[in-house]
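Working notes for the structure below.
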Amino acid sequence: MLSIDPGSQSTQDNYKLLIGGIIPRPIAFVTTLSEDGVLNAAPFSFFNIVSADPPMIAVSVQRKSGGVRKDTARNAIAKGQFVVHVADEGYVEALNATAAPVLPDVSEVELAGLTPVPSEVIAVPGVAEAAIRLECVLEQAIELGGTLNAPGLEGDGVPSTDLLIGRVVRFHIDEKVYRNGRIDPEALKPVSRLAGNDYAKLGERFTLVRPT
């Protein structure tokens, strides 16, 4: 068994171990509105559930070099709103197209040929192609990274990540994936992230009964 000190190697090397070992990861396709009203969008695979009461999710948005916030984090924090879509096979190629490095005044939604759809509770639109989308208000934005408080460890003082915690204020579920209050995974056809340029489909399923 290898023992690797993350402080002894580069951020990129640590990144490779994380994204290669923590798999598969669900993908959040997030839309936000800029100050100028541009509908920005991007996929993030550092994403999961936080709570069911109230329903909350978390998306971790890594910053650019120098600690510069990405459009998604900047817009979500400024507006206090964003929409999270579950990635599925039906629009995964368009989703991937939104990861292109474009200027903030370019709408990735338009660039990828996706269809904006108004939200019911918040001002930020979602996209119609996703089978599941979640309207969220920003519960909390937490800056992470930078200075470390552990003995013998030091940081540069500049946060490297914005952790966005969103409270879900509206679920939008396509009827084709909805079954008696539950989501049918076979109908949803979710897509997950692996490492590099690789993705995964749902794959084989098995059941284990939780012990009582």
Just one of V109, V83, V124 is among the β-branched types (V, I, T), crowded, with 16+ Cβ neighbours inside 10 Å and assigned to a helix (DSSP H, G or I); which is it?
V109
Out of all the residues in the stretch 80-88, is one or more over 17 Å from A28 (Cβ atoms), at pLDDT below 95 and of a type outside the set (V, I, T)?
no
Look through S107, S51, S65, S60 and report the one residue that is within 14 Å of the chain's Cα centre (by Cα) and of a type in the set (S, T, Y).
S60
Mind checking which residues of the stretch 54-81 are of a type in the set (D, E) and more than 21 Å from V38 (Cα to Cα)?
none
Tell me yes or no: at least one residue of the stretch 91-101 is β-branched (V, I, T), assigned to a helix (DSSP H, G or I) and buried (at least 21 other Cβ atoms within 10 Å of the Cβ).
no
Any idea which of (1) under 15 Å from the mean Cα position of the chain (by Cα); (2) within 27 Å of G203 (Cβ to Cβ); (3) of a type outside the set (A, V, I, L, M) is the one K70 doesn't satisfy?
(2)
Considering only the stretch 20-67, how many residues are part of a helix (DSSP H, G or I) and either of a type in the set (F, W, Y) or modelled with pLDDT under 95 (or both)?
3
Single condition L134 does not satisfy, out of (1) hydrophobic (A, V, I, L, M, F, W, C); (2) surrounded by 14 or more Cβ atoms within 10 Å (Cβ to Cβ); (3) part of a loop (DSSP other than H, G, I, E, B); (4) touching a residue at least 60 places away in the same chain (Cβ under 8 Å)
(3)
Could you look through the stretch 1-29, keep only residues that are touching a residue at least 60 places away in the same chain (Cβ under 8 Å) and under 22 Å from V169 (Cα atoms), and pick out the one that is surrounded by the most Cβ atoms within 10 Å (Cβ to Cβ)?
F29
With the structure loaded, tell me whether A195 is touching a residue at least 24 places away in the same chain (Cβ under 8 Å), in a loop (DSSP other than H, G, I, E, B), within 20 Å of N48 (Cβ to Cβ) and not aromatic (F, W, Y) or whether it fails that test.
yes
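The values are calculated or read from the model by the stated rules, or taken from the named source; none is laboratory data. Computed from a predicted model, the values in this text were never measured in an experiment. Note that we place each Cβ from the backbone using ideal geometry, even for glycine, and neighbour counts take in every protein chain shown.
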